[in-house]
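Encoded as structure tokens, the structure appears first; notes follow it.
The values are calculated or read from the model by the stated rules, or taken from the named source; none is laboratory data. Note that this is a predicted model, so its numbers are computed, not measured. Cβ atoms come from the backbone with ideal geometry, glycine included; neighbour counts cover every protein chain shown. With ligands, DNA and RNA removed, areas are computed over all heavy atoms of the protein, side chains included. Shrake-Rupley method; radii C 1.70, N 1.55, O 1.52, S 1.80 Å.
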Amino acid sequence: MKHGTHIPRKRFGQHFLTDTFVIEAIVQAISPKAGDAMVEIGPGLAALTQPLVERLGALTVIELDRDLAQRLRSHGQLKVIESDVLKVDFRQIAQAQGATKLRVVGNLPYNISTPILFHLLDQVEVVEDQHFMLQKEVIDRMVARPCTAAYGRLSVMLQWRYAMENVLFVPPESFTPPPRVDSAVVRMVPRSDAAPLDVNVLSELVQVAFSQRRKILRHTLGSWLQAKNFNGDFDVQRRAEEVPVDEYLALALSVPSMS
């Protein structure tokens, strides 16, 4: 595919991957097999798309930028969905492909990476695995352990549902234009043993807990639990970041459901 001269658009947070060594390393981390039902978010100038589709045979791509979507359509092996990824129903894509699970990959735009992660969390039952390039700082938060500055709402919500690892560091000079931040690639595999809890309860609980990180939980989560008529055991004489993921999950399971 010819690159032509596409001007990266700031409003889409476009930074195009141009380092061939990094591209090869990402493809190796993803390990695409012929026939895998794969979806790429934000293929851009197809730096990753091309080596992926060569191994897969066919690939579905989601691209918001009209010019890029048009260019991608000229590629015979790509199915192009021109849309905001936050409006895309991945269950429908899986159905259309006759697949029970999808492998999802992408270089996620920095400005909406967290909403995309939560959008996919809502449809996790049709996901086999996810490989995303993200701001390294976001991945640090995703995989963070308790009692660290990076540990927060994102850590708890995603660790509930996925086993995650940071598989590759990507420096700014791998992109055009170079972003002002370091990037990395994360592997996310849905857990089969995830606690069967109400995601709305967990989400609100964690949001309340981390709303004032510096304060003892008695002031935030304590009153929330009282309002929910929770009468179980939970130590609120701690800060939010001191509570391990499993304890948040156990708490979400024992709070009366909101539905």
- Quick one: accessible surface of Thr100, probe radius 1.4 Å, all protein chains present, in square angstrom to the nearest 10. 120
- Within the chain, percent of DSSP bridges classed antiparallel, to nearest 5: 50
- Compute the long axis of helix 20-30 from its Cα atoms, compare it with the longest principal axis of the Cα atoms of the chain, and write down the angle in degrees, 0 to 90, nearest 10. 50
- Can you list the aspartates and glutamates whose alpha carbon is less than 14 Å from that of Lys87, not counting same-chain residues fewer than 8 positions off? Glu63, Asp122
- In straight Cα distance, which aspartates and glutamates are under 17 Å from Lys33, not counting same-chain residues fewer than 8 positions off? Glu24, Glu54, Glu128, Asp129
- Query: Rounded to the nearest 10 Å², what accessible area does Glu54 show when all protein chains are kept and the probe is 1.4 Å?
  - Reply: 120
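Taking 0.36 nm per residue of separation and subtracting the Cα-Cα distance, what length does fully extending Asp84 through Asp19 add? All intermediate terms of the calculation are to be shown ahead of the outcome.
Numbers: separation 65, 0.36 × 65 = 23.40 nm, distance 2.63 nm.
Working it through step by step, the gained length comes to 20.8 nm.
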- Highest-MSF residue in the chain out of Gly106, Gly44, Gly222 [GNM, Cα springs under 10 Å]: Gly222
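Got a sec? What order do Lys136, Lys79 fall in by accessible area at 1.4 Å, biggest, i.e. largest, first? Walk me through the numbers before you get to the answer.
Numbers: Lys136 65, Lys79 115 Å².
So the residues, ranked largest to smallest area, are Lys79, Lys136.
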- Message: What distance in nm separates the two pseudo spin-label positions at Arg73 and Thr176, each 7 Å out from Cα along the beta-carbon direction?
- Response: 2.5
- C-alpha long axis of helix 199-209 to longest principal axis of the chain, angle in °: 70
- Task: Considering only Gly232, Gly42, Gly57, give the residue with the highest GNM mean-square fluctuation for the chain, with springs between Cα atoms whenever their separation is below 10 Å.
- Result: Gly232
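Using the heavy atoms of the protein chains alone and a 1.4 angstrom probe, what is the accessible area of the range 90-196 per residue in square angstrom? Working shown, then result.
Numbers: 4590 Å² over 107 residues.
Per-residue accessible area for the range 90-196 comes out at 43 Å².
Could you tell me what percent of the DSSP beta bridges with both partners in the range 79-186 are antiparallel, to the nearest 5? Before the final figure, lay out the partial values.
Details: 8 of 14 bridges.
Percentage antiparallel, nearest 5: 55.
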- Answer label, with log10 I(q)/I(0) by the Debye sum over Cα atoms at q = 0.09, 0.16 Å⁻¹ calculated from the coordinates and candidates [x] -0.32, -1.17; [y] -0.43, -1.27; [z] -0.45, -1.16: [z]
- Message: With every protein chain left in place and a probe of 1.4 Å, what is the accessible surface of His75, to the nearest 10 Å²?
- Response: 20
